[in-house]
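Input: a single structure, listed below in structure tokens.
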Amino acid sequence: MMLRMVLDSWRRAPGRCGMMVLTAFLAAVLLTALLTISVDIGDKMAREMKSYGANILVEPAEQAVLPELFANGQGALPAGEAVLDEAELINIMSIFWRNNIIGFAPILSGEVESATGRIPVIGTWFNKSLPLADEPDFRTGQLSVSPFWQITGVLPDDEQPEVLAGVELARQKGWKPGDTITLAGRDITVAGILNSGAGEDYAVVAPLKPVQEWLDRQGKVQAVHVSALTVPENELSRRAGDDPDSLDAESYDLWYCTAFVSTISHQLEEAVSGAVARPVWQIAASEGVIITKLQWLLLLATFAALLAAAMGMASLASGSVMERAGEIGLMKALGAGNTEVELLFHAEALPAALAGGALGSAAGWGLAQIISWRLFGAPAGFNWIVIPVIALLSLVVAALGVHLASGRISRLSPAEVLHGR
Amino acid sequence: MTMPGYAIETRRLTKQFGRVLALNEVDLAIKTGEFAALMGASGSGKTTLMNILSCLDSPSSGDILLEGTAVGELDEEGRRLFRSRRIGLVFQQFHLIPYLNALENVMLAQYYHSVVDEPSARKALDDVGLSHRFDHLPGQLSGGEQQRVCIARALVNRPGLIFADEPTGNLDEQNEERVLDILRALHRDGRTIVMVTHNPALGAAAERIIRLNHGRIES
Ligand SMILES: Nc1ncnc2c1ncn2[C@@H]1O[C@H](COP(=O)(O)OP(=O)(O)O)[C@@H](O)[C@H]1O
Ligand SMILES: [Mg+2]
């Protein structure tokens, strides 16, 4: 019987119930996206913290923009694109703060022909031998720059026709470690499957040399990831970061002899001609603070979205109350309490909120993926916690909305309603 | 039900709506089991008095005793409980819920009173001669039948007090007679009944006529 009372409201006012679903839907889209991103930023951050990856990016001066992993999207690099000379990279190990350099790895990316069409490829050093005057068996590459890479199989030999296949790409193509694939007409061994949580998961990561040949960029690289030990920034390093020349001689010396990230960047620029170096995704404490602030901001936006949705629900529930004033008056005359009547409206709104919430979190999940791709070039990690949280929040929003509207219920006097005053 | 004494007593009962004095120091005493008709011109305060007697509204001042309870002193919650337990309401416009069938409309009163008890709801409809209409929606019933559903709903919790505001105002003569018969039967059964009416013929059916004029009792 009570069920009929609720069902009838849906039947009589499908528009209003539709609006309730829509309100919950929009709120859930926003909430899911915000929550997923904010949880994910924390995870990505924590991962970086643990692994201590590259913290300085060296690029050609002419194109010091955001790193585009897949050079301009498709095909070979456009002619005349600024590049760095691979031969100069060894200079990195002769800078003043060379002992703070944990490692570095060049990057050259583009697309090559495979048996099943063009695929993204990234050329780099895995653990390349780079004999130094004082250290003949020095090796460096992704092994030291990206310790967080998870590899199923083995790391390719930089001198062999071996590659890593990104985990997503490998899944798409059905590749396993040990498979032989064809790239640019050559037989290549998939030494391992790479899970990096970033763009590499969708590409083939190959030794630099063959990639240079495929892309017709012999001896060139697009960027270098450098991992260096740095000391936390202070006032001096911030001033120097803006313009080292503005420092007086004494401050300059002090700055130059301290392992600030800005100092090391500056020295890297001196070592590689035509290069600019800048800190990226820095693990410094200040970055952590920014992430926390960002998460607070997202949380605030989440809260605002919740509040707006609750207001929307409240006005819809109010409409429902007005429309059913006669019934409410009768129920109260028969002895229904305000809470009992309110319950009826909860029963009306909550399923609508759940439906909207379910659809909305699916759509919000999609939105989070899009945002994550734009921001990090990788999909957002899936967090089960988001689902119950969204379901709960949808219900809370609906309940809050109905509760806000419940003032109307208690103000309704059965005498006035029933006698049509 | 045949408790001696008065079912309804009011003293200096006054109700004011802004400047309008709808009830002016009404002193009223209705015996237990009495069938009283409340008559008077439009605007004389009949509905206002009925609303207060049936605990739908509270007086501005004055005392009111229903079956020994000083309901004027109850808060809204207390009046609500008293209403659901002790009072049956019959409306001129029936006020049935359009998407519930006759039986469910009656059971709604049980629901808000205590628990739903289908056999006794059927019995209540049976008592008003509607045993063949359980599953009909109000829209499928005639005006007279709807009013009988309304009466069955008022009776299902077996209240001692029954208030009917113009119960036959929307009915033709034939149905009016039927409703009156039911009220008479309830009266024989020992219920206290107060009925508002314009119709002198209907008033004559009651044991006693109370006349209101500008918020005061005339007789
Ligand atoms: N809720 C109200 N607000 C303002 N005035 C009211 C209200 N209810 C009744 N009145 C006034 O009180 C007087 C008595 O009304 P009512 O009890 O409805 O009379 P009757 O039922 O005898 O026609 C009228 O003047 C009416 O306008
Ligand atoms: Mg009236």
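Residue count for the range A:393-420 satisfying the condition of being among the small types (Gly, Ala, Ser) and outside any helix (DSSP H, G or I): 2. Taking the conditions (1) in contact with a Pro (Cβ under 9 Å, 6 or more places away or on another chain); (2) within 9 Å of ligand 1 (Cβ to nearest atom); (3) under 22 Å from residue B:207 (Cα atoms) in turn, residue B:39 satisfies each one other than (2).
Every residue, every condition in (1) touching a residue at least 40 places away in the same chain (Cβ under 8 Å); (2) in contact with a Pro (Cβ under 6 Å, 6 or more places away or on another chain); (3) open to solvent by 30 Å² or more (accessible area, probe 1.4 Å), yes or no:
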{"residue": "A:88", "(1), (2), (3)": "yes, no, yes"}
{"residue": "A:93", "(1), (2), (3)": "yes, no, no"}
{"residue": "A:103", "(1), (2), (3)": "yes, no, no"}
{"residue": "A:111", "(1), (2), (3)": "yes, yes, yes"}
{"residue": "A:117", "(1), (2), (3)": "no, no, no"}
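Conditions tested, residue by residue: (1) within 14 Å of chain B (Cβ to nearest Cβ); (2) at pLDDT 75 or above.
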| position | (1), (2) |
| --- | --- |
| A:11 | yes, no |
| A:15 | no, yes |
| A:18 | no, yes |
| A:28 | no, yes |
| A:31 | no, yes |
| A:34 | no, yes |
| A:53 | no, no |
| A:59 | no, yes |
| A:69 | no, no |
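Looking across the range A:334-354, just one residue is away from chain B (no Cβ under 14 Å) and open to solvent by 60 Å² or more (accessible area, probe 1.4 Å), and that is A:354. The listed residues are B:24, B:101, B:51, and the only one of them that is within 14 Å of chain A (Cβ to nearest Cβ), within 15 Å of ligand 1 (Cβ to nearest atom) and either modelled with pLDDT of 90 or more or open to solvent by less than 40 Å² (accessible area, probe 1.4 Å) (or both) turns out to be B:51. Restricting attention to the range A:355-383, the residues that are of a type in the set (Phe, Trp, Tyr) and surrounded by fewer than 16 Cβ atoms within 10 Å (Cβ to Cβ) add up to 2.
What about residue A:151, is it of a type in the set (A, V, I, L, M, F, W, C), open to solvent by less than 50 Å² (accessible area, probe 1.4 Å) and either in the same structural domain as residue A:85 (by TED's automatic domain parsing) or modelled with pLDDT under 90 (or both)? No: the conditions fail for residue A:151.
Taken together, the residues in the range B:54-63 that are surrounded by fewer than 24 Cβ atoms within 10 Å (Cβ to Cβ), of a type in the set (Ser, Thr, Tyr) and either within 13 Å of ligand 1 (Cβ to nearest atom) or in a loop (DSSP other than H, G, I, E, B) (or both) amount to 2.
Taking first residues from the range A:181-202 that are at positive phi and partners that are buried (at least 18 other Cβ atoms within 10 Å of the Cβ) and part of a strand (DSSP E or B), the Cβ contacts under 7 Å between residues at least 6 apart in sequence or on separate chains come to A:184/A:112.
Would you check if there is a residue in the range B:18-27 being within 16 Å of ligand 2 (Cβ to nearest atom), closer than 25 Å to residue B:144 by Cα and in a strand (DSSP E or B)? Checking the range B:18-27: not a single residue is within 16 Å of ligand 2 (Cβ to nearest atom), closer than 25 Å to residue B:144 by Cα and in a strand (DSSP E or B).
Just one residue in the set B:199, B:170, B:213 is within 16 Å of ligand 2 (Cβ to nearest atom), within 14 Å of another protein chain (Cβ to nearest Cβ) and surrounded by fewer than 22 Cβ atoms within 10 Å (Cβ to Cβ); that residue is B:170. Could you say which residue among A:195, A:127 is within 18 Å of residue A:104 (Cα to Cα) and not assigned by TED's automatic domain parsing to the domain that holds residue A:369? Answer to the check: A:127. Counting just the residues of the range B:64-94 that are open to solvent by 40 Å² or more (accessible area, probe 1.4 Å) and at positive phi, which one comes out nearest to the other protein chains (Cβ to nearest Cβ)? Among those that are open to solvent by 40 Å² or more (accessible area, probe 1.4 Å) and at positive phi, it is B:67. All of (1) of a type in the set (A, V, I, L, M); (2) assigned to a loop (DSSP other than H, G, I, E, B); (3) modelled with pLDDT of 90 or more hold for residue B:115 with one exception: (3).
The values are calculated or read from the model by the stated rules, or taken from the named source; none is laboratory data. Keep in mind the model is a prediction, meaning the values are calculated, not measured. Backbone-built Cβ (ideal geometry, glycine too); neighbour counts: all protein chains shown. Protein only, heavy atoms only, side chains kept; ligands, DNA and RNA dropped before computing areas. Shrake-Rupley method; radii C 1.70, N 1.55, O 1.52, S 1.80 Å.
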